[in-house]
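Undergrad: Got a structure for you, written out below as C-alpha cells; questions coming shortly.
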Amino acid sequence: MDDCDLGSVAIRLRAVADRNEAVTAEVLRRLDKSEAYKDDGALSLVSWLRWKCKLSAGAAAERVTVAHQVEKLPKFEEAFARGEIGYQHVAVIAKSAEHVGAAAVRKEEANLLKAARTMDPGQFTGVAKSFEHKVDAEGALAEANRAYARRYLHISEPQDGAMRLEGLLDAEGGATLKTALGALMKPSKNEDRSSGQRQADALVELCRRQLSGKGLPDVAGQRPHLIIRASADTVAGLAGAPAGQLESGGTIHAETVRRFACDSAITRITGRGELEHEISHASRTISASLRRKLEARDPRCVFEGCDMPGRWTDGHHLIHWADGGPTTLENLALLCRQHHTRVHEEGWRLRRRDDGGYTAIPPPRRIAARARSG
C-alpha cells in the first residue's frame, strides 16, 4: 500500500468502525432486555462489557446509554446506520436525551441532526449543550454546579527533579486558564519546544508574573480577556434562552453569564447591520473610579466570614443591571468568585443591612431541608 493511499484507507476504516458501533448498539439493547449477560455471572451489562469486551467503565456506560437512547431517536438511528454521522455524534445526543428526555430531543431532532452532519463532535457538543440549556435550564445549571464542585489541583512532591500536576476544572475555569496561558505561549523564532512544553513554560511564567506584579502582555493590541458570547435574552435570564458560548469552546449557563456581566466589559451588537459594519459600543459595567470606591468601602468579600481581599473579588450588582439595577455604589458589593457563584448559580441572595453590612440568604430549598432535618 502506497503512503498516498493511507488517508483514504483510514477514512474507510473509520466509517466501518462507526457502522459496527451502530450494529453494536442494537445488539447491546437486545442483550440488556434479555439479561443474557447474567449467564456469565455479571451483575449488569456495564460490568459485563468491562469484563468481556475490555472496556473502561466510562466507555461501557456510554455504549449502554447509546443503545437505549438512539432507539428513541429514529432520525439519528437511521443516519447512524447509514454512516452519515459518527459514533461520537450519537454519544453526544444520547447524553442529551438522557438529561432532558428523548421526547424533547425528538421535537428538535431534524435541526440537531442537520448540525451533526455538518459539524465535528466537539462543535456538535456545544450545540447539544445549548439545546439542553433551552429545554431545561435548571438541569443544565445543576450539571454546571456539579462540574464546579469536582474541581481540584494536585501538585506532587518532587521526584527525580520533577513535580507532577493533576487537576480538573469546570468549563469557565478551564477557559480562563487557557486565555491566560495563550498570552504567554507565542512561539519564539526557531522554536524547538513542543506545544506541551510551551504550555508548561507559560504556566510557570504566569505565576512568576503574578509574584512580581508584571501582569500579562497585550495580545492583538489589547489586554488578554475571556470572551463570552451571549444573547440579550441570556443576559436577562429569560426562560428558553440559549447558553453562553465560550470563545475557546464549550458553553456556560445563563446564570454564569449574568455573574460575569456583573462586572465586565460589554460589547453590544444589536443588529446584523452592526455586525457586518463592525459597529459596536463597548462599555465597562463598573468604572475604575467606582471600583476604587468599592474596595475602599468593602476591603474584602462581603459574604459573612470570608476574608478574601477586595482586589481579588468581583463587583456584584445586588439588582442586576439587566433587570434595571443601577451601577451605583449603593447597588454594588464585592464578592470572591466562590461566593459570587453561590449568589448566581446556587440561588443565594445578598441583602444590605441598615448598618452597612450584608446578610446572606440561602435558597428556599436549603431552608426547607434544614427545617425537615430539625
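Undergrad: In whole angstrom, how far apart do the alpha carbon centroids of the range 164-214 and the range 47-98 sit?
TA: One Cα centre to the other: 35 Å.
Undergrad: Once you've got the GNM for the chain with C-alpha springs shorter than 10 Å, pick whichever of L153, L113, L238 has the biggest mean-square fluctuation.
TA: Its mean-square fluctuation being the largest, the pick is L153.
Undergrad: List the trypsin sites (Lys or Arg not before Pro) within the range 30-87 that DSSP assigns to loop and that have no more than 16 neighbouring Cβ atoms inside 10 Å.
TA: K54, K72
Undergrad: I'd like to check one number: the per residue accessible area of the chain, probe 1.4 Å, reported in Å² as a whole number. Please list the in-between numbers first.
TA: Working: 22850 Å² over 374 residues.
Value returned for the chain: 61 Å² of accessible area per residue.
Undergrad: Quick one: if you stick a label point 7 Å off each Cα along the C-beta vector at L226 and R337, how many nm between them?
TA: 0.6 nm
Undergrad: Continuing with this model, one more query. Say a paramagnetic label sat at a point 7 Å from the Cα of R209, along Cα to Cβ; which residues of the range 163-177 have their backbone N under 15 Å from it?
TA: 176-177
Undergrad: With a cap of 16 neighbouring Cβ atoms within 10 Å, and only residues DSSP puts in a loop, list the trypsin sites (Lys or Arg not before Pro) found in the range 172-205.
TA: Those satisfying the criteria are K189, R193.
Undergrad: Compute the long axis of helix 137-149 from its Cα atoms, compare it with the longest principal axis of the Cα atoms of the chain, and write down the angle in degrees, 0 to 90, nearest 10.
TA: That works out to roughly 80 degrees.
Undergrad: Among M185, L153, A200, which residue has its Cα furthest toward the positive end of the charge dipole of the chain, with +1 on Lys/Arg Cβ and -1 on Asp/Glu Cβ?
TA: L153
Undergrad: Please tell me the relative contact order of the chain in percent, rounded to the nearest whole number, where contacts are Cα pairs under 8 Å and at least six residues apart.
TA: Values: 449 pairs, mean separation 33.5, N = 374.
Relative contact order comes out at 9 percent.
Undergrad: Then there's this: Would you please give the FRET efficiency between A103 and S34, computed as 1/(1 + (r/R0)^6) with r the Cβ-Cβ distance and R0 = 30 Å, to the nearest 0.05?
TA: 0.70
Undergrad: Suppose R0 equals 22 Å; then what is the FRET efficiency for R297 and R349 from their Cβ-Cβ distance, rounded to the nearest 0.05?
TA: Computed FRET efficiency for R297 and R349 comes out at 0.65.
Undergrad: Using a cut-off of 12 Å between beta-carbons, work out the net charge of the residues near R352 (Lys and Arg +1, Asp and Glu -1, R352 not included).
TA: 0
Undergrad: Now, a different point. Answer with a single label: of (1) 4, 17, 24, 25, 19, 9, 2, 0, 0; (2) 5, 24, 30, 22, 14, 5, 0; (3) 4, 18, 21, 16, 15, 13, 8, 3, 1, 0, 0, which was calculated as P(r) over Cα pairs in 10 Å bins from 0, in percent from the structure in view?
TA: (1)
Undergrad: At 1.4 Å probe size, with the rest of the protein present, what percent of the exposed accessible area of the chain is carbon and sulfur atoms?
TA: Summing carbon and sulfur atoms, their accessible area is 52 percent of the total for the chain.
Undergrad: Related question: For the pairs K33/K54; K134/K178; K107/K134; K72/K107; K33/K107, note any where the Cα-Cα span goes beyond 18 Å.
TA: K33/K54; K134/K178; K33/K107
The values are calculated or read from the model by the stated rules, or taken from the named source; none is laboratory data. These figures come from a predicted structure and were not determined experimentally. Neighbour counts run over all protein chains shown; Cβ positions are idealised from the backbone, glycine included. The area values use the complete protein model at the heavy-atom level, side chains included, leaving out ligands, DNA and RNA. Shrake-Rupley method; radii C 1.70, N 1.55, O 1.52, S 1.80 Å.
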